[in-house]
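The values are calculated or read from the model by the stated rules, or taken from the named source; none is laboratory data. What you see is a predicted model, and the numbers here were worked out from it, not measured in a lab. Here the Cβ positions follow ideal geometry from the backbone for every residue, glycine too, while neighbour counts run over all protein chains shown.
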């Protein structure tokens, strides 16, 4: 829920990113307040996924600065406060793990090395599975889940770490409507609990009612920043005929414990 007078948890100033010498982001300033649900939108190639990677430290800046919770990104060492769900990831990753084990891996940032899971860890995992509607599949192999259910498991994994700030990169891409609706229900619960959510999306679908604020990128620049827009208005703010990709090849997330080696 948007709190316009709450603290700024993401403070990006004049963020510029070039990849292979080509500008992808151009002098973007963005502030996200505590408890806000922000949708970052735009056409393919507009720079939205690159911006999320820049905000989380996965993509170095050419110029500009980013601070999280008031701390410059280079000095930020509270990674347990950040939940990241990458774009078009697979929860299986070739690992023969159960759904519960995948979700439990999200607790690693909360535990000391080699310390076995405790009561708080088990409670957090059970709660995360309940929120995303997969409690009844906890003992099943992650590879037996559909793509949409795996995406929900990845959100549960992020949720299990009990972060204050979530970044989700197109979580509904390629996901059928029932799973989009389940994702929307899970994100509604997070928002009601006071989490700050930055959602990258090409289209919102069932997530639209959750959005407090929309930011639309066009050709690497923020073209709109304000109240949520209709899908038609979003398309007005970008060039739908521009067909090029958002960014260079995938950069693995240090927050993404399961796919870290991909």
Looking at segment 43-63, can you tell me whether even one residue there is part of a strand (DSSP E or B) and surrounded by fewer than 23 Cβ atoms within 10 Å (Cβ to Cβ)?
yes
Looking at segment 227-244, can you tell me whether even one residue there is surrounded by fewer than 17 Cβ atoms within 10 Å (Cβ to Cβ), in a loop (DSSP other than H, G, I, E, B), at pLDDT 90 or above and out of contact with any strand residue (DSSP E or B) (no Cβ under 6 Å at 6 or more places or on another chain)?
yes
Is it the case that segment 131-139 has a residue that's touching a strand residue (DSSP E or B) at 6+ places or on another chain (Cβ under 6 Å) and farther than 22 Å from residue 200 by Cβ?
yes
Just checking, does segment 190-207 include any residue being farther than 22 Å from residue 10 by Cβ, in a loop (DSSP other than H, G, I, E, B) and out of contact with any strand residue (DSSP E or B) (no Cβ under 6 Å at 6 or more places or on another chain)?
yes
What about residue 152, is it assigned to a helix (DSSP H, G or I) and farther than 23 Å from residue 41 by Cβ?
no
Could you pull out the residue among 133, 147 that is at positive phi and touching a residue at least 12 places away in the same chain (Cβ under 8 Å)?
133
State whether one or more residues within segment 104-116 are out of contact with any strand residue (DSSP E or B) (no Cβ under 7 Å at 6 or more places or on another chain), assigned to a helix (DSSP H, G or I), more than 26 Å from residue 202 (Cβ to Cβ) and at pLDDT 90 or above.
yes
Taking segment 5-34 and the residues there that are touching a strand residue (DSSP E or B) at 6+ places or on another chain (Cβ under 6 Å) and assigned to a loop (DSSP other than H, G, I, E, B), the one that is modelled with the lowest pLDDT would be 6
